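Here the structure comes first, spelled out in structure tokens, and everything after it is commentary.
The values are calculated or read from the model by the stated rules, or taken from the named source; none is laboratory data. Remember, it's a predicted structure, so these values are computed and weren't measured experimentally. FYI the Cβ positions are ideal-geometry reconstructions off the backbone, even for glycines, and counts take in every protein chain you see. Note: areas computed on protein heavy atoms with side chains; ligands, DNA, RNA excluded. Shrake-Rupley method; radii C 1.70, N 1.55, O 1.52, S 1.80 Å.
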Amino acid sequence: MKQTAEGTAVEARRLTKVFGGPGSEVRALDDVSLTIAKNRFFTLLGPSGCGKTTLLRLIAGFEQPTEGEVLLDGVDIARDPPYRRPVNTVFQSYALFPHMSVAENVGFGLEMNRKPAREIALEVERMLALVRLEGMGGRRPEQLSGGQQQRVALARALANHPKVLLLDEPLSALDLKLRKDMQIELKRLQHETGVTFIFVTHDQHEALTMSDAIAVMDHGKVLQVGTPAEIYETPVNRFVADFIGETNLLPASLTGRTGDEIRFRLDSGKEISGREHGGHDTGARVTLAVRPERAELATGPGGNGLPGTIDRVVYFGTDTQFRVRLKDCDTVFLVRRQNRSGHEASLSEGQEVTVSIPPEALRVLQD
Amino acid sequence: MQPVTAATAARRRAALMRYALVAPAIVIIVGFMVLPLGLMLTYSFLEPGRYGGVVWSYSPEAYIRFFFERDLDDSLVFNLAYVRIFFRSFALAFVTTLVALLIGFPAALYIAMQSPRWRNFLIFLVTVPFWTNLLVRNYAWILILREQGLINEGLLAVGVIEAPIRMIYNNFGITVGLVYSFIPFMVLPIYASLERIDFRLVEAAYDLGANRWQALRRIILPLARPGIYAGCILVFIPCLGAYVTPALLGGGRNLMIGNLIQLQFGASQNWPFGAALAFVLMAIVLLSMLFYLWRFRGRGTGGLGVG
Ligand SMILES: Nc1ncnc2c1ncn2[C@@H]1O[C@H](COP(=O)(O)OP(=O)(O)O)[C@@H](O)[C@H]1O
Ligand SMILES: [Mg+2]
């Protein structure tokens with residue numbers, strides 16, 4: 001029953017939130033503009049303290065913006081109290097009402113909206129079935145496991161049929177196995193209900209695997225918005241590249257271009273070439289980024305290569321990570337190689353190798 | 001066998017240790033509760049001595065006297081004077097508890113929503129009246145409420161009233177004094193239970209569409225219920241036995257149980273009757289507490305609901 005409604009669910013316009021008085025100001029959000037399309041799984045990703053929760057609380061209405069507007073379906077709601085917004089929240093702590101049964105928790109929102117008792121009972125049943133907690137309605141929250149409580153919180157927030165569901169690090173309290181299950185579960189729920197999910201996490205893995213779109217945040221600013229592939233493959237700056245996945249960062253200067261070949265000189269004096277210049281001119285200082293799985297290792301001299309010595313080999317099951325200490329500079333370069341056949345040409349620690357970088361794999365970052 | 005005897009000895013020592021540890025509690029309970037109460041119960045079934053004290057011979061007279069009066073010809077006549085004082089005491093205690101709750105709950109809620117440092121300061125302020133003597137505080141209320149008191153003079157000066165309003169030496173004065181004296185006992189336990197509430201629950205309620213009033217009624221009140229019950233009990237029971245406030249602000253005309261009991265050990269020189277009154281009061285309080293426990297059994301936050 002996925003709706004195909006197009007358009008914008010939530011829009012933040014130049015949102016700024018400052019906590020505390022003069023002298024002890026904390027700029028939790030700094031001029032954030034963001035457009036979130038309807039019926040998406042949208043993720044806010046960033047390190048702890050970057051303002052993710054603040055942004056959610058502004059959308060939910062628990063905080064008032066210092067400046068800027070929050071639009072829901074094109075209407076500015078920044079001054080509406082939380083109980084008048086068609087937005088519901090799944091709290092990190094679940095915040096289930098301890099003195100009510102599971103069914104009363106799930107039906108609470110409907111009751112507040114003065115729905116008739118019979119309708120509430122039916123809807124509660126439906127919601128409990130949706131989160132696979134049939135027959136648990138009579139229990140107390142404290143009688144449920146963490147994962148079950150999480151589902152109750154979801155059912156409770158979805159029972160009101162919100163336009164937008166806000167989820168603040170909902171999985172961080174669960175252990176790894178349960179977390180993986182709930183990731184799939186959340187995706188299913190989003191798909192089945194067609195509600196726009198705004199999901200907060202500081203876990204880049206979670207963000208990459210679950211989202212239709214990701215906004216990467218740091219220090220109260222949104223640095224980049226895009227699909228997981230865009231964020232991973234073409235990070236706009238050093239922070240994004242570093243925060244999402246592993247990456248090798250190489251300081252260099254742009255030395256020249258011939259045709260579509262752009263040449264860089266690393267600080268070690270080695271020259272390598274790439275395909276993009278990131279808008280920089282010859283002579284500019286740049287940071288080059290290479291994902292570990294895009295580089296290759298050769299035992300002889302390889303094309304577009306950097307010589308080095310294998311420092312450490314770490315076996316990861318699906319792939320193997322090689323830490324290569326580059327020659328003439330004190331940089332460790334990570335290379336990951338898929339373990340396809342199970343008996344790849346063995347490379348051992350201490351071996352001299354060349355890290356070969358395909359020109360297309362070289363990204364030029366803004367700082 | 002050696003190990004078995006050693007184990008038995010260890011077990012005996014542990015048992016002995018347990019008794020030794022509860023001994024102080026037992027001494028306190030026996031010394032401070034069982035003995036005095038036993039003495040009172042005994043006294044209530046004895047005859048009064050001529051100049052106070054008791055005569056050691058059995059007599060149910062004290063309990064009969066509670067309901068009946070002895071006429072000159074020794075026949076019993078129904079007498080509701082004492083029962084009426086009991087009723088008035090219960091009514092005053094009830095009204096006092098209600099008023100204290102209506103003032104105390106919002107106060108406790110307000111305090112609980114302040115920043116931690118400010119909170120502690122406010123709670124400290126709540127306890128400040130305890131620093132001065134109860135008598136002094138009640139006299140202060142006389143100065144405020146009497147016909148030439150602060151309020152009447154003020155209202156007269158502004159011209160709101162033409163003649164002073166009578167605010168002491170009646171039930172109103174007693175209630176004001178009682179509410180004032182006991183309100184910290186309402187605020188403190190309610191505050192203690194409010195302080196433990198996770199205010200994210202209130203946010204969750206707002207989020208689900210509850211307005212302020214609904215959040216208060218459906219989330220805060222139920223979660224503060226243990227504190228509210230405790231506060232009501234802590235105000236109601238001492239109110240019943242209040243002595244100083246009705247004596248001063250009631251002007252001796254509006255007796256409460258406490259004054260009646262005091263009278264028996266003082267001017268009336270009827271110790272058995274005093275003991276009997278105290279015992280009846282205690283029995284009523286105990287029975288209502290038991291009823292309350294039975295009625296609300298398992299309704300606490302930790303109770304397991306039957307699924
Ligand atoms: N109520 C508040 N008062 C003062 N500072 C706050 C408040 N809420 C958040 N902050 C500050 O704002 C910044 C962003 O916080 P938050 O949005 O919770 O980050 P995140 O959820 O990304 O970890 C942090 O520096 C935090 O200390
Ligand atoms: Mg947060």
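Looking at B:181, B:193, can you tell me which residue is closer than 30 Å to residue A:92 by Cβ and of a type outside the set (Asp, Glu)?
Numbers: B:181 fails: closer than 30 Å to residue A:92 by Cβ.
Exactly one of B:181, B:193 is closer than 30 Å to residue A:92 by Cβ and of a type outside the set (Asp, Glu), namely B:193.
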Could you check, for the stretch A:160-178, whether at least one of its residues is more than 16 Å from ligand 2 (Cβ to nearest atom), basic (Lys, Arg) and over 26 Å from residue A:82 (Cα atoms)?
yes
The listed residue being surrounded by 11 or more Cβ atoms within 10 Å (Cβ to Cβ) and without any contact (Cβ under 8 Å) to a residue 12 or more places away in the chain, out of B:101, B:35:
B:35
When the stretch A:217-230 is examined, which residues are found to be open to solvent by less than 50 Å² (accessible area, probe 1.4 Å), touching a residue at least 40 places away in the same chain (Cβ under 8 Å) and at negative phi?
A:217, A:218, A:222
Go through A:44, A:29, A:34, A:58 for me and flag whichever is in contact (Cβ under 8 Å) with a residue 24 or more places away in the chain, of a type in the set (A, V, I, L, M) and farther than 24 Å from residue A:243 by Cα.
A:58
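Does residue A:195 satisfy the condition of being at pLDDT 90 or above and within 14 Å of another protein chain (Cβ to nearest Cβ)?
Values: at pLDDT 90 or above: yes; within 14 Å of another protein chain (Cβ to nearest Cβ): no.
When the stated conditions are applied, residue A:195 does not pass them.
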When residues of the stretch A:28-82 are limited to those that are among the small types (Gly, Ala, Ser), within 16 Å of ligand 1 (Cβ to nearest atom) and under 22 Å from residue A:186 (Cβ atoms), the one most open to solvent (accessible area, probe 1.4 Å)
A:48
Return a yes/no flag: does the stretch A:113-133 have any residue that is over 24 Å from residue A:53 (Cβ atoms) and at the interface with chain B (Cβ under 10 Å from one of its Cβ atoms).
yes
Please verify whether the stretch A:101-114 includes one or more residues that are closer than 30 Å to residue A:34 by Cα, more than 16 Å from ligand 2 (Cβ to nearest atom) and open to solvent by less than 70 Å² (accessible area, probe 1.4 Å).
yes
Which ones in the stretch B:19-54 are part of a helix (DSSP H, G or I) and either more than 34 Å from the chain's Cα centre (by Cα) or under 23 Å from residue B:268 (Cα atoms) (or both)?
B:36, B:37, B:38, B:39, B:40, B:41, B:42, B:43, B:44
So residue B:134 ticks every box in (1) assigned by TED's automatic domain parsing to the domain that holds residue B:250; (2) open to solvent by 60 Å² or more (accessible area, probe 1.4 Å); (3) without any contact (Cβ under 8 Å) to a residue 12 or more places away in the chain; (4) of a type outside the set (Lys, Arg) but one. Which box is left unticked?
(3)
Which residues, counting only those in the stretch A:154-210, are open to solvent by 60 Å² or more (accessible area, probe 1.4 Å), more than 21 Å from residue A:96 (Cα to Cα), out of contact with any strand residue (DSSP E or B) (no Cβ under 8 Å at 6 or more places or on another chain) and not acidic (Asp, Glu)?
A:176, A:177, A:180, A:184, A:191, A:205, A:209
I need every pair where a residue in the stretch B:221-239 that is within 13 Å of chain A (Cβ to nearest Cβ) has its Cβ under 6 Å from the Cβ of a residue that is small (Gly, Ala, Ser), sequence separation at least 6 or different chains.
B:224/B:193; B:226/B:193
Taking the stretch A:10-27 only, how many residues are near ligand 1 (Cβ under 9 Å from one of its atoms) and on the phi > 0 side of the Ramachandran plot?
1
Across the stretch A:43-78, what is the number of residues that are within 16 Å of ligand 2 (Cβ to nearest atom) and of a type outside the set (Val, Ile, Thr)?
16
